[in-house]
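Below: one structure, written as C-alpha cells.
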Amino acid sequence: MRKTTQTASNRLTTTTGSSHYLKKFRHVERGPWSDIPANKWGNWNWQLKNRITSTAQLQELLPDLTQEELDGVELANSKLAMSITPYFFNLIDPNNPDCPIRRQVIPRISESFLSADEMPDPCGEDQYTPVPGLVHRYPDRVLLLVTDRCAAYCRYCTRSRLVGKESPKTLPSRLDRQIKYISSNPVIRDVLISGGDPLLFSDNKLASILERLRKIPHVEFIRIGTRIPIFLPQRITQTLCNTLRRYHPLFISVHVNHPNELTAESKEALEMLANAGIPLGNQSVLLRGINDDPEIMRALVHKLLICRVKPYYLYQCDLIHGSAHLRTSVHTGIDLINSLRGHTTGYAVPQYVIDAPGGGGKIPINPENILSFNKDRLVLKNHEGKVFEYIEAVKDR
Ligand code: SF4
C-alpha cells in the first residue's frame, strides 16, 4: 500500500452535495492502493486480507483523524471490531469527518457512552433462541445465524453482542443443531440466513447450507441477508450467482444507507444477482447525519430502483448500546416517509418500522396521515394536506 494524499478526484466526496452528484454511480478508484494490480484489487480474497483493522493503518491512510475517532478506534476491539475493505474505504471523504460513509465504519468514542434505555440485545432475540444461532420469533419463520463475520462492521450493528465473537470451530456443530431444529418443526416455511454475513462463505459452503435447507420439505422460501454487494462487490461472481440460482425461490435483502454506497461496482454486483432471478430488497437504518435528509433519502431510493432493488424497510435505529449519537427522532422518520409518499414512485417508498425494544417484532410506523379511525370509516390526509374518507364495507362495521 502506498501512502498518498487523497484527492476528491479519486474519492466519493460530499455529505450532501447536489442531487445530480448523489445520483451518480461512480467507479471507485484504487486510491492509496494504486500500486496494486487491477486483478488483485478486483479479487475478493485480496480485499478481505487487506482490510483496515488497526489504528496504525487507519492513521496512515487518514492522517487527519479526529480525537473522537482516534479514541473510538482504540476502544473498538474491546466492543465491536473495526474492519473496512480497501474498496469501501475509498468511498470515504478524507477531508470530511462527517462523511456519511466514514461515520458508518470508523468508530467514535461516543460508542462507549451508554444511555439507560439502551440494551445489548435491543430486539430481544436471545429470548427466542431455542438453539444457538437460531431465532424463532414469528411462528412460520426463523432467522438462521450461520456466521459471526462481516466484510466490514457497521458501528450501529444490532447484533454487536454476537458479531466477531464466535470461534469458527463451533459453527459446524451449531449448524447441525440449527438444521435439526428446522427439520423437526413443520410450521417453519421461511428461513432467513444471516449473521454476520453469509456471502463471506465459499460457494461450496453456501451451496451445502442451501442444499440442506432445500431438502427439508416444509421450507418453502429462503432469504439471505447481506451487506456484501456494498462492502465487497468483488465477491459477487458469476460462479456465485450460478450457485445461488439453483436454490430458488431465493430472495436477498441488502443493506444500503446512503446513495454514495451505490457505485458502479455495487450496481454491477446487484444486477448480476438480479439477472440470476433473485428478487432484491433493501433494508436501511435511519441514521442521524447520514440519511436523515429528504434529498439524500430520495436519491437513495431512486438509485436502488435503478439497481433493481426494492426499498423494503427503513428501520428506526435500534436502542443498541452506544448508538445515541446515530439515532434520530421517530418524527424525523415520519417526515422522511411523508417526503417520499405521493412525491415519487410507490415502489420507491420503504415501510418505516421500529423493531420493538425488548422483542415485540417489527411495528410499521405509518406516517401521520391517519386523522381518525373508527369502526366504519378511516379519515386520511394525503401528501397535499387534503382529507379523504375510506368507508369500511357494511359487514366489517
Ligand atoms: S453487515 Fe450487518 S451484521 Fe455485519 S456489522 Fe453490519 S449490520 Fe451488523
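The values are calculated or read from the model by the stated rules, or taken from the named source; none is laboratory data. Keep in mind that this is a model prediction, so the values were computed, not measured. Neighbour counts run over all protein chains shown; Cβ positions are idealised from the backbone, glycine included.
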Practice task
Report yes if some residue within the stretch 127-149 is away from the ligand (no atom under 12 Å from the Cβ), farther than 23 Å from I209 by Cα and of a type outside the set (A, V, I, L, M); otherwise report no.
Solution key: yes
Problem - Subset of the stretch 228-255 [surrounded by fewer than 22 Cβ atoms within 10 Å (Cβ to Cβ), in contact with a strand residue (DSSP E or B) (Cβ under 8 Å, 6 or more places away or on another chain) and not aromatic (F, W, Y)] - result: P249, L250, S253, H255
Exercise for the section: Output the residues belonging to the stretch 242-267 that are outside any loop (DSSP other than H, G, I, E, B), of a type outside the set (A, V, I, L, M) and either under 25 Å from R189 (Cβ atoms) or away from the ligand (no atom under 16 Å from the Cβ) (or both). Expected result: N242, T243, R245, R246, Y247, F251, S253, P259, N260, E265, K267
Exercise for the section: Residues that are within 16 Å of the ligand (Cβ to nearest atom) and touching a residue at least 12 places away in the same chain (Cβ under 8 Å): find the helices (runs of 4 or more DSSP H) completely inside the stretch 11-114 holding 2 or more of those. Expected result: 44-49, 67-76, 86-89, 102-105
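Looking at L206, L175 in this structure, which one is modelled with pLDDT of 90 or more, more than 14 Å from the ligand (Cβ to nearest atom), surrounded by 18 or more Cβ atoms within 10 Å (Cβ to Cβ) and over 30 Å from I354 (Cα atoms)?
Result: L206 is the single residue among L206, L175 that is modelled with pLDDT of 90 or more, more than 14 Å from the ligand (Cβ to nearest atom), surrounded by 18 or more Cβ atoms within 10 Å (Cβ to Cβ) and over 30 Å from I354 (Cα atoms).
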Practice task
Only residues in the stretch 218-241 that are away from the ligand (no atom under 16 Å from the Cβ) count as the first member; pair them with residues that are among the β-branched types (V, I, T), Cβ under 6 angstrom, at least 6 apart or cross-chain, and list the lot.
Solution key: V219/V191; I222/V191
Fill in the blank from the handout: When the stretch 336-363 is checked residue by residue, the ones that are in a loop (DSSP other than H, G, I, E, B), free of Cβ contacts under 8 Å to residues at least 60 places away in the same chain and either touching a Leu at 6+ places or on another chain (Cβ under 8 Å) or of a type in the set (D, E) (or both) are T345, V349
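With modelled with pLDDT under 95, among the basic types (K, R), within 14 Å of the ligand (Cβ to nearest atom) and over 22 Å from I252 (Cα atoms) as the only criterion, which of K165, K169 stands out?
Within the list K165, K169, the selection yields K165.
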